[in-house]
Amino acid sequence: MKNSPSIGEYLIQRLYAHGVRHVFGIPGDYVLAFYDLLSRSKLRIINTCDEQGAGFAADAYARIRGLGAVCVTYCVGGLKVANTTAEAFAEKSPVVVISGAPGMKEREKNPLLHHKVREFDTQKKVFEQLTIASAVLSDPQTAFQEIDRVLHAALRFKRPVYLELPRDTVFLHGNPHHKTPGLHERSNGKTLVAALAEAEEMINRARQPVILADVEVHRFGLQDQVLKLVQKTRIPVAATVMGKSVIGEQHPLYLGIYEGAMGRDEVRQYVEGSDCVIMLGAFMTDINLGIYTAHLDPARSISATSEKLSIRYHTYEEVRFKDFMRGLVGLKLRRRSVGKIPRPPMLEVQRDGSPRRGVALERGTPNRRSQGTWGSPAVTVKGLFERLNAFLSKKTVVVADVGDALFGATDLFIRERTEFLSPAYYTSMGFAVPAGVGAQLANPKARPLVLVGDGAFQMTGMELATVARYQLNPIVVVLNNRGYGTERHMQDGPYNDLWAWQYYRLPEILGAGRGFLVRTDAELDRALTEAEANTESFSILDVQLASLDRSPALDRLASRLAKRI
Ligand SMILES: Cc1ncc(C[n+]2csc(CCOP(=O)(O)OP(=O)(O)O)c2C)c(N)n1
Ligand SMILES: [Mg+2]
């Protein structure tokens, strides 16, 4: 079978064909052979400090480019990406987990080899639970087919997959007669027509239709279709937290984020008062729906996802999400004259921080505007987000970690579509710094604005070393409230305290980057201006906040969660 590529080569070829250009990970002896192949291929290896960092980076990369890859050694590396793979599964991100493993010949007589947990297939069994498809590439006869099957599943379902490469099969040649199948899947034509007819009738009859755009619009690259639908019909559009930024948030028909009773009241009333909610790619999670406080009546809804299409109480089988979306845009839909829609109060903070008109981040904890060291008021969470909002540009991709970084960021106005990344549903801390690495490599034109709490930063913030190594230039804002602030508002105790790092001094250790200590509004303005000008390296802003200060959005959430514990 010499004329065919080796199993390792074929895997690399297929990843490249699907748009992957970088593979994140850390080598180990079980995967060294494949690393050698990778290093001689068109794919670039990105070495992170820790496998979890590689997993989060690959997840962010996959969200932007449509497929990402992480490559690790057996168990000690593989099990470290179990959490990031779980996140990719829960939030629909197509990450290919490639793990090295003991060779098939080494497995005979079940010896105790290093890194083995219980059985040789223990890691594979773990990943079966965390992925949509998996395979051990142990047989050269079927390996190519298995690679195609597994990658197809990642692309079809936008979920992670697992490929295990025993170290003695990497260089074996696969089936020379193998033909890579296309990815095409068709809708059932008649069902599609019937579904579109029902949708047309329902939308045209509706008094106040509204579009609710969610995560799958992003994952399936259907942002243009949603925009066309909105432009053509002038039906207002809201997004969920998971779908945040699928439509540019400055669009005149954009209502804001719908999060049930957790979000802004005007948006909730508009969506829940609608007699036809067109839910596109909607993923009904508790955070998305404001801890199940949302009231969406199926009798008044159209819901299309990659897995299911329902209109009122009817379910249509075999209709692809993409076909339905394209069909919707092509329908004869009534063009609405836009009445009064509850536009989000626009933030009009000038880049220099003044004058402020119509500031939107309403409510929140009363501003304790204590005087900072040099007469400028101390920074508050609310003030921080107002300034960040004015700071965003078309090139910014906002990457928000769990905690007030995420809650505060939901109220930001993202200029362009699809420029907001966050683990808003699975909510694993430690995402943002490594995700910033993945995001910038996936789209080198974008500059990540990484928003991260001090607790989350202590988990994976040292991936700034990876940032330095690959000469990336994110602006990292550490919301330093000396503890697990989000939890303090639900139930406080010494377990929510953190050791106070001097985050702004990390550039000294890393030998790269610029650090800023930020205590006042004036220091914040100066730091943001200088960070923006510093395109040569990363910048880290250590923003010191009062430990109980919080964003208006967290205010809304905390009061709801507190009632549930
Ligand atoms: C990996 C992980 N561990 C624990 C939690 C539970 N948790 C949710 S928010 C939070 C505190 C976050 O602290 P920090 O990053 O400092 O952000 P802050 O809430 O202070 O803004 C914790 C511990 C989690 N979501 N993820
Ligand atoms: Mg904190």
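The values are calculated or read from the model by the stated rules, or taken from the named source; none is laboratory data. This structure is a prediction, so every number in the text was calculated from the model and none was measured. Please note: Cβ atoms are built from the backbone with ideal geometry, for glycine as well, and neighbour counts cover all protein chains shown. Calculation scope for accessible area: heavy atoms of the full protein, side chains included, ligands and nucleic acids excluded. Shrake-Rupley method; radii C 1.70, N 1.55, O 1.52, S 1.80 Å.
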Computed over the stretch 43-179, Kirkwood Rh from alpha-carbon pairs, angstrom: 15.1
Residue 110-residue 495 FRET efficiency (beta carbon distance; Förster radius 56 Å; 0.05 resolution): 0.85
Net charge of neighbours whose Cβ lies under 15 Å from the Cβ of residue 543, counting Lys and Arg as +1 and Asp and Glu as -1: -2
Top positive-direction residue, dipole computed over the stretch 124-250 with Cβ charges, set 169, 250, 206: 206
Descending principal axes extents, the stretch 409-555, alpha-carbon based, whole Å: 41, 34, 28
Placed amide H near residue 44: partners under 5 Å, 5+ positions off or other chain: 22, 23
Cα pair distances of the stretch 160-210 binned at 5 Å [whole percent]: 4, 12, 10, 11, 12, 8, 7, 7, 8, 7, 7, 5, 2
Phi-based couplings in Hz for the stretch 328-336 (Karplus 6.51, -1.76, 1.60; Gly and Pro marked x): 4, 5, x, 6, 8, 9, 4, 7, 8
Estimated inter-spin distance, residue 509 and residue 180, nm [label 7 Å along Cα→Cβ]: 4.3
Using θ = phi - 60° and Karplus 6.51 cos²θ - 1.76 cosθ + 1.60, couplings along the stretch 456-463 (whole Hz; Gly, Pro as x): 5, 4, 5, 7, 9, x, 5, 5
MRE, 222 nm, helices only [DSSP H, n ≥ 4, -39500 (n - 2.57), over the chain, to nearest 500]: -10000 deg cm²/dmol
Total charge dipole magnitude, the chain, about the Cα centre, Cβ charges on Lys, Arg, Asp, Glu only, Debye to nearest 20: 1560
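Under a 1.4 Å probe, what is the accessible area of the stretch 423-557 per residue, stated in Å²? List each step's numbers first, then the result.
On the way: 5020 Å² over 135 residues.
Per residue, the stretch 423-557 has 37 Å² of solvent-accessible surface.
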Pair residue 234, residue 297: separation of 7 Å Cα→Cβ label points (nm): 2.7
In Å², nearest 10: area of residue 325 left accessible to a 1.4 Å probe: 0
Residue 136 long-range amide H proximity, modeled H, under 5 Å: 164
Fully extended contour minus Cα-Cα distance, from residue 198 to residue 334, at 0.36 nm per residue: 47.5 nm
The stretch 93-157: Rg to Rh, with Rh as the Kirkwood radius over Cα pairs: 0.99
Solvent-accessible area, 1.4 Å probe, carbon plus sulfur percent, for the chain: 51
GluC sites (Glu not before Pro) within the stretch 124-201, DSSP loop, no more than 11 other Cβ atoms inside 10 Å: 185
Calculated from backbone phi, Karplus (6.51, -1.76, 1.60) coupling profile of the stretch 63-80 in Hz, x at Gly/Pro: 5, 8, 9, x, 6, x, 9, 10, 10, 9, 8, 5, 6, 4, x, x, 5, 6
Percent antiparallel among DSSP beta bridges (both partners in the chain, rounded to 5): 15
Where labels lie 7 Å past Cα in the beta-carbon direction, separation of residue 265 and residue 470 in nm: 4.6
Net charge contributed by nearby residues that have their C-beta within less than 10 Å of residue 240 (K/R +1, D/E -1): -1
Spherically averaged projected area in nm², based on the convex hull that wraps the Cα atoms of the chain: 27.3
Estimated FRET transfer efficiency when R0 is 56 angstrom, pair residue 534-residue 122 (beta carbons, to 0.05): 0.75
Sites residue 318 and residue 36, calculated FRET efficiency, Cβ-Cβ separation with R0 35 Å, nearest 0.05: 0.20
